[in-house]
Structures are given as C-alpha cells and as structure tokens.
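Working notes, structure below.
Please treat every number below as a calculation from the coordinates, not as lab data. Note that the structure is predicted; figures quoted are calculated from it, not measured. In this analysis, Cβ positions are derived from the backbone assuming ideal geometry, glycine residues included, and neighbour counts consider all displayed protein chains.
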Amino acid sequence: METATAFTPLSALAGGVLIGLSAVMLMALNGRIAGIAGIVGGLIGPAPFDRLDRFWRLAFAAGLVAAPLIWMAATGAMPEVSVTDSLPLLIVAGLVVGASTQAGSGCTSGHGVCGLARLSPRSAAATGIFMAAALLTVFVTRHVI
C-alpha cells in the first residue's frame with residue numbers, strides 16, 4: 001500500500017526558483033546552459049580543460065551535492081527520500097537515462113529548463129519525448145507489470 005505524500009508548495013516553489021536562478025546565472029555569467037549531463041559529462045569526458053572551465057563545472061556539481069546539507073542546516077532534517085526498487089533495476093534505469101541523454105544531446109535540465117526558456121524547437125521536441133516516455137514507463141510499471 002502506498003502512503004500519501006504531503007503537498008509542499010512552498011518548498012517546491014523555492015526549489016523551482018533556485019533552479020531557474022542558477023540556470024539564468026550560469027547563462028548570464030558563463031554563457032553556458034545548465035544541463036547537468038553536459039556539466040558532469042564535461043568533468044569526466046576526454047576533452048581537454050582549462051582551469052576556469054573545470055572550476056565552474058566542479059562548483060556547479062558541488063552545489064548539487066551540498067544542497068541537501070544546506071537544507072538540513074536550515075530545517076534540521078534531511079530531505080526524505082524513499083527508493084523501493086531493486087538495485088539491478090536502478091542500474092538499468094541509470095544506463096538507459098545515460099544513453100538517452102547522449103542520443104538526445106542533452107538532459108531534462110538542459111532541454112526542459114534552459115531549452116524551453118530559450119524557445120528552442122529541438123528542446124520542445126526532446127522534452128515532449130521525455131514526458132511521453134515517463135508517462136508510458138509509469139503506466140507500464142504501475143498497471144501492466
């Protein structure tokens with residue numbers, strides 16, 4: 001039996017504002033799109049880096065890791081996360097997402113947040129495909145399997 005999750009509009013609004021603000025700041029200050037796959041992929045890929053490129057990528061990734069710690073400092077509790085699926089399923093899902101990110105030339109943050117904000121037709125198509133795949137996946141895993 002599934003438990004109901006509390007609707008938390010203020011924390012959702014704050015998170016959305018912070019995501020949007022970080023995307024705008026990265027574009028305004030560095031001329032870069034805040035696509036997590038591209039940022040992290042640029043850290044682990046074979047491409048040569050200058051120090052400034054590596055620094056902003058590391059700072060952005062560190063901010064992603066630090067966010068729950070900042071939340072804990074502000075609220076006194078870590079954000080609640082519940083993962084009920086098996087480790088093999090999570091590994092397969094991660095590999096599929098990674099392959100899809102490469103095939104789609106970007107991830108949900110790059111296309112869905114930044115690309116849509118720039119009115120990119122390619123990002124609109126990619127985001128539509130992401131959402132359709134997510135809806136189909138949820139339907140199949142909840143009602144078919």
For this session: Taking every pair of Cα atoms in the range 8-81, average 1/r, invert it to obtain the Kirkwood radius, and report Rg/Rh to two decimals.
Result: 1.03
For this session: Could you tell me the distance between the Cα centroids of the range 81-144 and the range 58-72, to the nearest Å?
Result: 22
Exercise. In square nanometres, what is one fourth of the surface area of the convex hull spanned by the alpha carbons of the range 82-145?
Worked result: 5.0
Exercise. Mind checking which of 103, 124, 77 has the largest fluctuation in a GNM of the chain, springs on alpha carbons under 10 Å?
Worked result: 77
For this session: Taking only Cα atoms and a 10 Å spring cutoff, compute GNM fluctuations for the chain and point out the largest among 40, 24, 92.
Result: 92
Problem set entry | Cleavage-rule hits, trypsin sites (Lys or Arg not before Pro), the range 92-145, DSSP coil, Cβ neighbours within 10 Å at most 14 | 118
Problem set entry | Estimated 222 nm signal from helices in the chain, with DSSP H stretches of n ≥ 4 weighted -39500 (n - 2.57), rounded to 500 | -21500 deg cm²/dmol
Seminar exercise, completed: If one builds a Gaussian network model of the chain from Cα atoms under 10 Å apart, the most fluctuating residue listed among 17, 97, 83 is 83
Exercise. Got a sec? How would 36, 19, 145 order by Cβ neighbour count within 10 Å, fewest to most?
Worked result: 145, 19, 36
